[in-house]
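Each value in this text was obtained by applying a stated rule to the coordinates, not by laboratory testing. All values reported here derive from a predicted model rather than from experimental measurement. Cβ sites come from the backbone with ideal geometry, for glycine too, and all protein chains shown count toward neighbours.
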Amino acid sequence: MTLELSEPIREAIRRHGQAAYPHECCGALIGRGARVTEAVTLPNTTDEEPRRRFLVSAADYRLAERLAAESDRELVGFYHSHPDHPARPSQHDLAHAWPFFAYVILSVRRGEPAELTAWRLRDDRSTFDAVPVVA
Amino acid sequence: MSNKVLIPTPLRPYAGKQDVLEVDGKTVGELLANLTSQYADLRKHLYTEEGRLRGFVNVYVNDDDIRYLDREQTLLKPGDTISIVPSVAGGAGPVVAEPRTAPPLSNEEVQRYSRHLIMPEVGMDGQQKLKAARVLCIGAGGLGSPVAMYLAAAGVGTLGMIDFDVVDFSNLQRQIIHGTPDVGRLKLQSANDRIQAINPNVQVECYETALSSQNALELFEPYDIIVDGTDNFPTRYLVNDACVLLGKPNVYGSIFRFEGQASVFATKDGPCYRCLYPEPPPPGLVPSCAEGGVLGVLPGIVGTIQATEAIKLIIGVGEPLIGRFLIFDALRMRFRELRLRRDPECPVCGDRPTVRELINYEQFCGVAPEAQTSAPATVEETTVEELKRRFDAGDDTFLLDVREPQEYQICTIPRSTLIPLGDLPSRLSELEGRRNIVVHCKSGVRSAKAVKLLREAGFVDAVNLQGGILDWIDRIDPSLPKY
């Protein structure tokens with residue numbers, strides 16, 4: 001299974017990651033099936049260290065679901081950035097992961113957007129599987 | 001009595017693909033219990049193994065979070081709508097170990113690694129293990145150069161490199177991953193270019209940072225093997241302790257002048273660096289390569305031994321250098337081997353470890369700023385500008401150079417007299433009657449010791465030249481060669 005992310009959407013995620021650096025950014029991915037048609041930027045509401053953590057508030061989550069439902073699309077997943085860390089899911093990501101969602105991770109190194117990867121939680125919650133990203 | 005439950009997108013596949021369900025329950029807890037007994041697959045996503053609602057599962061009754069009501073005891077009225085709202089969170093940190101599958105080799109890779117593939121000890125299996133392997137190299141300097149280049153050439157899939165330094169002319173005599181055009185560039189950039197040129201199949205992960213107790217565990221976590229190419233004791237103990245705490249092999253190497261050492265520490269049941277050296281040497285006793293020098297090819301030999309050991313550990317062949325401490329003497333061209341055992345009393349890897357987390361290694365090695373504040377008052381100093389002004393004014397300043405003769409041959413400040421620091425106590429008589437003594441060395445450390453010694457011997461007006469001859473070259477006479 002792949003995840004379809006067009007170049008303009010990737011670019012929007014990169015710009016968000018760059019603007020939020022050195023903090024983590026986050027946002028929702030809305031679309032149909034495996035095709036993302038919109039990346040919605042959301043505030044990082046973590047009260048821990050925002051350089052290493054992100055949190056989407058319950059209110060923002062409900063907003064994302066509503067945006068999707070109102071336009072007859074679905075919430076496909078979320079994206080977030082890893083400032084100066086590889087674009088690989090952390091233990092922290094695993095502990096907080098939801099099934100079904102695609103998790104897109106952008107690495108931002110020294111303020112510059114770097115690699116972008118996508119992941120899905122395994123059904124038994126044991127790990128993530130990489131999802132090939134296509135344009 | 002039944003209430004509407006709104007199911008969030010990620011949980012719908014576990015709830016019959018429905019977004020709204022009708023579920024019975026007098027309280028939120030009862031309703032969720034009924035829900036998860038009806039849809040058993042929901043349970044592991046809503047509850048921990050201990051049966052508590054997961055911290056990132058928010059439950060709302062109408063528009064109120066149950067945390068602000070009576071939590072799971074919150075009573076439900078007919079017509080209440082219950083929403084399960086995921087809080088989406090995460091962040092950078094120790095990465096999740098991916099299940100290792102043997103990555104297939106492309107035709108280009110088969111051709112590239114053919115001299116490995118035809119040896120039964122490596123073969124396709126071994127080469128695929130190399131491709132799946134993740135090795136972290138600490139330092140892109142003398143040892144890091146051959147380690148990174150050979151591991152890249154051998155086909156190690158992911159190579160991490162930690163360094164924050166810039167390539168300097170004085171590195172080129174031994175750090176062969178960098179070239180003359182790289183002087184002034186970040187070592188990581190230069191090393192990355194070289195590795196990509198050798199083998200573009202290698203994924204290089206660069207960490208431009210100083211390794212510290214705060215970041216070591218996180219940096220090491222995603223790697224299988226750590227190769228220590230550091231040049232100082234605090235980092236060496238830090239690497240060792242972090243490897244023991246994480247259970248990752250530490251492929252150790254060190255070099256000084258004509259002598260090198262290598263071993264593999266911190267494997268299961270094997271000894272660690274602290275089993276050999278429980279305590280660091282007093283600061284200043286063992287000079288660094290910058291102070292004592294090093295033969296340029298020496299890191300080439302020791303680094304390739306480290307690369308060999310890393311490859312053997314990955315493939316799982318041969319006898320690794322575990323429990324053996326290899327000492328190489330380039331002048332006599334001899335290898336010696338010391339037997340090492342894990343010390344049951346070792347503070348880190350012993351049976352009753354006392355070090356269970358990373359500590360302050362600068363302090364442990366006695367080089368912490370805190371340790372220095374309790375030292376005797378700092379010596380009187382002067383600057384190179386002041387020295388130049390005194391020379392120009394034609395006063396009777398006596399400039400004493402306490403470096404070694406071979407350093408004196410490289411460059412000198414005019415009007416200086418050479419008495420190496422080691423000879424100074426026995427040659428004090430040569431200074432009889434001198435006044436206004438200014439003492440210098442390369443950077444100001446050895447001359448500070450000399451000033452202290454001179455003042456104790458009665459030369460009460462002796463002062464130290466701040467920054468030594470390096471400052472003189474930078475700020476007064478840039479025509480002199482720097483070393």
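Some observations on this one:
- Within the range A:64-135, the trypsin sites (Lys or Arg not before Pro) that combine a DSSP coil assignment with at most 12 other C-beta atoms in a 10 angstrom radius are A:ARG110.
- Note, ³J(HN,Hα) from phi for the range B:53-59, Karplus 6.51, -1.76, 1.60, rounded to Hz, x at Gly and Pro: 4, 4, x, 9, 9, 9, 10
- About the Cα centre, charge dipole magnitude for the protein assembly as shown (Lys/Arg +1, Asp/Glu -1 at Cβ), debye: 1100
- Under the Karplus curve 6.51 cos²θ - 1.76 cosθ + 1.60, θ = phi - 60°, whole-Hz ³J(HN,Hα) for the range B:449-465, x wherever Gly or Pro sits: 5, 5, 4, 4, 4, 5, 5, 5, 8, x, 7, 6, 9, 5, 10, 9, 8
- Looking at the range B:393-475, the trypsin sites (Lys or Arg not before Pro) that sit in a DSSP loop and have at most 16 other Cβ atoms within 10 Å of their own Cβ are B:ARG415, B:ARG434, B:ARG435.
- Scanning residues 5 or more positions from A:LEU55 or on other chains, those with amide H under 5 Å from its amide H are A:THR45, A:THR46, with H placed 1.01 Å from N in the peptide plane.
- Here chain A carries DSSP beta bridges of which approximately 70% are antiparallel, counting only pairs with both residues inside.
- Low-density loop positions, trypsin sites (Lys or Arg not before Pro), the range B:82-186 - DSSP coil, at most 16 other Cβ in 10 Å: B:ARG100, B:ARG185
- Cα gyration tensor category, rounded, prolate or oblate, for the range A:1-132 with a/c compared to 1.5: rounded
- Positive-end residue of A:ALA114, A:SER57, A:LEU42, charge dipole of chain A with Cβ unit charges: A:ALA114
- For the range A:110-122, backbone phi angles converted through the Karplus equation (6.51, -1.76, 1.60; θ = phi - 60°) give residue-by-residue couplings of 6, x, 9, x, 10, 5, 10, 10, 10, 9, 9, 6, 5 Hz, Gly and Pro being listed as x.
- Normalised by the number of residues in the range B:19-115, the average gap of Cα pairs under 8 Å and 6 or more apart makes the relative contact order 25 percent.
- Radius, Kirkwood style, for the range B:352-481 when every pair of distinct Cα atoms is counted (Å): 16.2
- Cut-off under 5 Å, modelled amide H: who pairs with A:GLY77 long-range: A:LEU29, A:ALA102
- If you bin all the Cα-Cα distances of chain B at 20 Å, starting from zero, the percentages per bin are 19, 36, 28, 13, 4, 0.
- Rel. contact order, % - alpha carbon contacts under 8 angstrom, at least six apart, chain B: 9
- B:LEU400 long-range amide H proximity, modeled H, under 5 Å: B:THR417, B:VAL438, B:VAL439, B:HIS440
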